[in-house]
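K.L.:
Handing you a structure now.
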Amino acid sequence: MKAVIETRNLGRFYGEGDTLVKALDQVNIVIEPGEFTAIVGPSGSGKSTLLQLIGGLDIPDEGKVLLADKNISDMSGQELSDFRRDHIGFIFQAYNLIPVLTAAENCEYIMLLQGISAGERKARVYQMLQRVGLEGKETRLPNQLSGGQQQRVAVARAMASRPDIILADEPTANLDSKTGTDLLDMMHELNKNEGMTFVFSTHDPKIMERANRLIHIEDGKVIEDERRN
Ligand code: ADP
């Protein structure tokens, strides 16, 4: 099967001379369609940097990122932002919902930018909010939802735009342990039932257990790449 994402000799450096930090160094990974991958490693190991680079939110100092066979490291400006919008779904630690929009409107927003028709947008919003267990809460504003519910809206929003891959940077960091594992179980269900490819970072052992591939990074390097069934 064709890879969704491939990194080739990926590197990102900060500072120079004595203060040079190789946040990522010579990272080569291939993410296959349908994988449910956790990037794991201690704080400061390079997890966020890796997700930012593979999502086209940051530019590498060395190497490249291929997404759907396109070299995103060569894109810039409008081309990169259109490509990101159409191919990548993001879930952040801090949910990043728009506070003045309802749950349904937050889900709809990216599809609006994609030029999807009103009828199709509405159908997908209701379907996705139902899939993440938020039926009946479509008209709530973010501050009328719990943290776990807000993160479910973020998952529904990412899924609704039908990206090739969803990237989640510590998606459970602000949730209590039970809410966090419930959210991961739900993402895993979406992965199994819809074949959506997920890559997330975490340092929570309970969440690592749920991944079928673990990529361990330390000091910016991949030290172990473990596939499990
Ligand atoms: P993690 O997500 O695993 O906690 P990060 O990717 O955030 O790790 O950071 C990796 C390394 O790169 C750390 O040493 C961090 O201090 C450094 N780093 C990340 N972003 C910057 C930045 N904007 N400026 C300087 N150093 C940075």
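K.L.:
Name the residue, out of Arg8, Arg12, that is closer than 30 Å to His188 by Cβ, surrounded by fewer than 18 Cβ atoms within 10 Å (Cβ to Cβ), basic (Lys, Arg) and modelled with pLDDT of 95 or more.
P.N.:
After applying the criteria, what remains is Arg8.
K.L.:
Scan Ala156, Ala123, Ala103 and give me the residue that is among the aliphatic types (A, V, I, L, M) and within 13 Å of the chain's Cα centre (by Cα).
P.N.:
Working: Ala123 fails: within 13 Å of the chain's Cα centre (by Cα); Ala103 fails: within 13 Å of the chain's Cα centre (by Cα).
Residue meeting the stated conditions: Ala156.
K.L.:
Now a separate question. Looking only at the stretch 41-59, which residues are under 13 Å from Ile5 (Cβ atoms) and touching a helix residue (DSSP H, G or I) at 6+ places or on another chain (Cβ under 9 Å)?
P.N.:
Leu53, Ile54, Gly55, Gly56
K.L.:
Moving on. Give me a count of the residues in the stretch 109-129 that are of a type in the set (S, T, N, Q) and more than 12 Å from Arg157 (Cα to Cα).
P.N.:
2
K.L.:
Does the stretch 59-100 hold any residues that are over 19 Å from the mean Cα position of the chain (by Cα), under 21 Å from Leu24 (Cα atoms) and in a helix (DSSP H, G or I), and which are they?
P.N.:
Asp74
K.L.:
Residue by residue through the stretch 59-94, note down the ones that are closer than 26 Å to Arg157 by Cβ, within 16 Å of the ligand (Cβ to nearest atom) and in contact with a Ser or Thr (Cβ under 7 Å, 6 or more places away or on another chain).
P.N.:
Answer for the stretch 59-94, where residues must be closer than 26 Å to Arg157 by Cβ, within 16 Å of the ligand (Cβ to nearest atom) and in contact with a Ser or Thr (Cβ under 7 Å, 6 or more places away or on another chain): Ile59, Val65.
K.L.:
Out of Ile223, Ile207, report the one residue that is exposed (fewer than 15 other Cβ atoms within 10 Å of the Cβ) and aliphatic (A, V, I, L, M).
P.N.:
Being exposed (fewer than 15 other Cβ atoms within 10 Å of the Cβ) and aliphatic (A, V, I, L, M) holds for just one of Ile223, Ile207, which is Ile223.
K.L.:
Sticking with this one: Suppose we filter the stretch 168-216 for residues that are in contact with a Leu (Cβ under 7 Å, 6 or more places away or on another chain) and among the aliphatic types (A, V, I, L, M); how many remain?
P.N.:
Total meeting the criteria: 6.
K.L.:
Now a separate question. Just checking, does the stretch 191-198 include any residue being surrounded by 16 or more Cβ atoms within 10 Å (Cβ to Cβ), under 16 Å from the mean Cα position of the chain (by Cα) and farther than 19 Å from Leu50 by Cβ? Lay out the reasoning, then the answer.
P.N.:
Residues of the stretch 191-198 surrounded by 16 or more Cβ atoms within 10 Å (Cβ to Cβ): 191, 196-198.
After this cut, where a residue has to be under 16 Å from the mean Cα position of the chain (by Cα) as well, the list is 191, 196-198.
Then keep just the ones that are farther than 19 Å from Leu50 by Cβ; that gives 191, 196.
Yes, there is a match, as at least one residue in the stretch 191-198 is surrounded by 16 or more Cβ atoms within 10 Å (Cβ to Cβ), under 16 Å from the mean Cα position of the chain (by Cα) and farther than 19 Å from Leu50 by Cβ.
K.L.:
Say whether the condition of being closer than 24 Å to Met208 by Cβ and out of contact with any strand residue (DSSP E or B) (no Cβ under 6 Å at 6 or more places or on another chain) is met by at least one residue in the stretch 105-112.
P.N.:
Keep residues of the stretch 105-112 that are closer than 24 Å to Met208 by Cβ, which gives none.
Scanning the stretch 105-112, I find no residue that is closer than 24 Å to Met208 by Cβ and out of contact with any strand residue (DSSP E or B) (no Cβ under 6 Å at 6 or more places or on another chain), so the answer is no.
K.L.:
To continue, here is another question. Considering the stretch 8-56 alone, what residues qualify as being assigned to a loop (DSSP other than H, G, I, E, B), touching a Leu at 6+ places or on another chain (Cβ under 8 Å) and within 12 Å of the ligand (Cβ to nearest atom)?
P.N.:
Gly46
The values are calculated or read from the model by the stated rules, or taken from the named source; none is laboratory data. Computed from a prediction, not measured in an experiment: that's the story for all the values here. So basically every Cβ, Gly included, is an ideal-geometry build from the backbone, and we count neighbours across all protein chains shown.
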